[in-house]
Amino acid sequence: ILNVEQSPQSLHVQEGDSTNFTCSFPSSNFYALHWYRWETAKSPEALFVMTLNGDEKKKGRISATLNTKEGYSYLYIKGSQPEDSATYLCAFLYRDDKIIFGKGTRLHILP
Amino acid sequence: NAGVTQTPKFRVLKTGQSMTLLCAQDMNHEYMYWYRQDPGMGLRLIHYSVGEGTTAKGEVPDGYNVSRLKKQNFLLGLESAAPSQTSVYFCASKNARGARREKLFFGSGTQLSVL
């Protein structure tokens, strides 16, 4: 079953607040989990590639954690800024090299 | 640096017409992928390729064919276009060297409308 779920689907956050959202994926045969940021009228760009249970990655105000045993990853944004408005996608890499995306979380930062 | 280039950027087809979308990458990547993006559906994998001469089906392969005759190019064909194939198509590639640690690089997309 190729099942990558993201929640929530959409999120409105006040500028300056912190937020987080979830990606769940099959917990068996884990290979890698990707996070991408997708701004309107642009192409998705990679934020993180995570491969080990317990991985924590950070890039500026954005960070991510990974739990492969229970099949979830969290993406955190600290002190949201208007430029953080985007769709955040997670993607699961299967051992046969398929890369399957979730439907994304659309983040809106309110001024 | 060109990266991943998709042509054309826009196209309008009539039902039943055929066309080929070209994805070209200049990063010597082994792996290439075709996705379609529809409202509320995220990116869905159509076909992918792990090397020259090889292709494999993704989540939504029906109605599409692909070819990878050269390492740098991945072609997506629609033999008889249908309105359900109206979508934005994205190509992506990644290096094989680091295998699972490698990220995808995306092209800028092709907007296709089938009337």
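FYI, it's all coordinate maths here, none of it is from the lab. Keep in mind it's a predicted model, so treat the numbers as computed, not measured. So basically every Cβ, Gly included, is an ideal-geometry build from the backbone, and we count neighbours across all protein chains shown.
With a sphere of radius 13 Å drawn around the Cβ of B:Arg97, what net charge do the other residues whose Cβ falls strictly inside it have (Lys, Arg +1; Asp, Glu -1)? Taking every other residue near B:Arg97 into account, the sum is +2.
In the structure displayed, which of A:Lys57/A:Lys103; A:Lys103/B:Lys70; A:Lys58/B:Lys57; A:Lys103/B:Lys9; A:Lys78/B:Lys9; A:Lys69/B:Lys103 lie more than 25 Å apart, Cα to Cα? Violating the 25 Å Cα-Cα cut-off are A:Lys103/B:Lys70; A:Lys58/B:Lys57; A:Lys78/B:Lys9. Taken along the Cα-to-beta-carbon direction at a fixed 7 Å, the label points for A:Glu15 and A:Lys78 span 2.1 nm. Of the peptides A:24-36, A:45-57, B:4-16, the ranking by mean beta-carbon count within 10 Å, highest at the top, reads A:24-36, A:45-57, B:4-16.
Between segment A:8-28 and segment B:60-115, how far is it from one alpha carbon centroid to the other, in angstrom? When both Cα centres are located, 28 Å separates them.
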